[in-house]
1. Work out how much length residue 276 to residue 305 would gain on full extension: take 0.36 nm times their residue separation and subtract the Cα-Cα distance, in nm to one decimal.
2. Excluding ligands, DNA and RNA, what is the solvent-accessible area per residue of the chain at a probe of 1.4 Å, expressed in Å²?
3. For the chain, which cysteines have no disulfide-compatible partner, meaning no other cysteine Cβ under 4.7 Å?
4. Can you classify the chain as rounded, prolate or oblate using the Cα gyration tensor, where a ≥ b ≥ c are the square roots of its eigenvalues, rounded means a/c under 1.5, and otherwise it's prolate if a/b beats b/c and oblate if not?
5. Please arrange 86, 110, 179 by accessible surface area, largest first, computed with a 1.4 Å probe and ligands excluded.
6. Straight-line reach only, C-alpha to C-alpha below 27 angstrom: list the lysines that residue 302 could link to, leaving out same-chain residues fewer than 8 apart.
7. With labels modelled as points extended 7 Å from the Cα through the Cβ direction, what inter-label distance (nm, one decimal) is found for residue 194 paired with residue 295?
8. For region 43-93, which whole-number percentage of the solvent-accessible area (1.4 Å probe, protein heavy atoms only) is attributable to carbon and sulfur atoms?
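The values are calculated or read from the model by the stated rules, or taken from the named source; none is laboratory data. Just so you know, these numbers come straight off a predicted model, no measurement behind them. Neighbour counts run over all protein chains shown; Cβ positions are idealised from the backbone, glycine included. We work out accessible area using only protein heavy atoms, side chains counted, and drop any ligands, DNA or RNA first. Shrake-Rupley method; radii C 1.70, N 1.55, O 1.52, S 1.80 Å.
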Amino acid sequence: MQSTELTPLIRPRELILELSHNCNLSCIMCGFVKERNQPGYFMTEATLNQVLAAFPHPPEVVRLNGRGESTIHPQFPAFLKAIRDKWPAAALHLFTNLNIRDIERVELLKVAGVQLFISLDSSDSVELSQIRRGARWEYMERNLNLLRDQQPRPFIVFTIQAENLHRITDIARLAQSYKFGLIYNVVRSDLPDHRVLNRVITEWATIRKAFIAAKSLLDAAGLPCLIPDQIQGIELDLHTAVKSNGSRSACPALHRETCIQYDGFVTPCNMFHPRKLGHIRDGNIVQILNSGPAEAFRQSHKQDSYCRNCAWLGGDA
């Protein structure tokens, strides 16, 4: 009798949970056009309860990030507690712009032991406010100082743009001063950003040298530093660079993680692919991710333009 090999079930280890589609800033590189401060753009308690009930096994990581800022959710403290109570062993991650006015929310992150990924695109306060419109340096500086003893150690996430290419080494110095890790992020884009592309082409040697200096600085301090292998398709030719998921033969995130949007729709990964694999009310997460449409997407994702242009560095930070 001929044996048939069954495809292993997808059981995501990481859950990306978009508590908020609203944001307190208006960043120049943000590709998501939306109205701001709409009550309907916050995840409801009912949807969160559906999420908590939909996992037959607890995720190892719950990552609170989305196209908005999680900490501005009116029920953020209660939601954080509900997640921690449901999955006490899970690691909690939060991507945040850290423009948090309420000091009690910052203290809550410390008490809960949240792994923080802080979006910070310049070490200069004026530049930062021009890139992340509405950013208040006084809040960020206060909160950064409150987090100096945070465990696990936070990461700074520096999104590479034409406006801040000259800050590659400066941001490493800032990370080193706080003893934070550093991730250099590349904006995912269907079309090239010619301002960035032209600068990378003409200043390639200088940019590469800045990355080498940044990596050396943080290595000497015993701090992690993740550098992309390419910017806008231009290879950096650095042996210490991390391969982006778009450069891989297959995306590891599709077997490791899933994203649940603020409205309950399930999408493939943390990069907010527009493909909707189902809704969290439709069944448990294993059923949704092992459905026919979900498996078909995993099989064909390398032909998908959104996936081919993925700039996510992959792996575990």
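1. Values: separation 29, 0.36 × 29 = 10.44 nm, distance 1.58 nm.
Full extension from residue 276 to residue 305 adds 8.9 nm.
2. Details: 14530 Å² over 317 residues.
For the chain, the per-residue accessible area is 46 Å².
3. 23, 225, 251, 259, 269, 307, 310
4. On the way: a/c = 1.68, a/b = 1.20, b/c = 1.39.
Oblate is the answer for the chain, as a/c is 1.5 or above yet b/c matches or exceeds a/b.
5. Working: 86 100, 110 55, 179 125 Å².
Result of the area sort, largest leading: 179, 86, 110.
6. Residue 302 reaches 243, 276.
7. Output for this residue pair reads 4.6 nm.
8. Details: 1180 of 2050 Å².
Solvent-exposed carbon and sulfur of region 43-93 make up 57 percent of the total.
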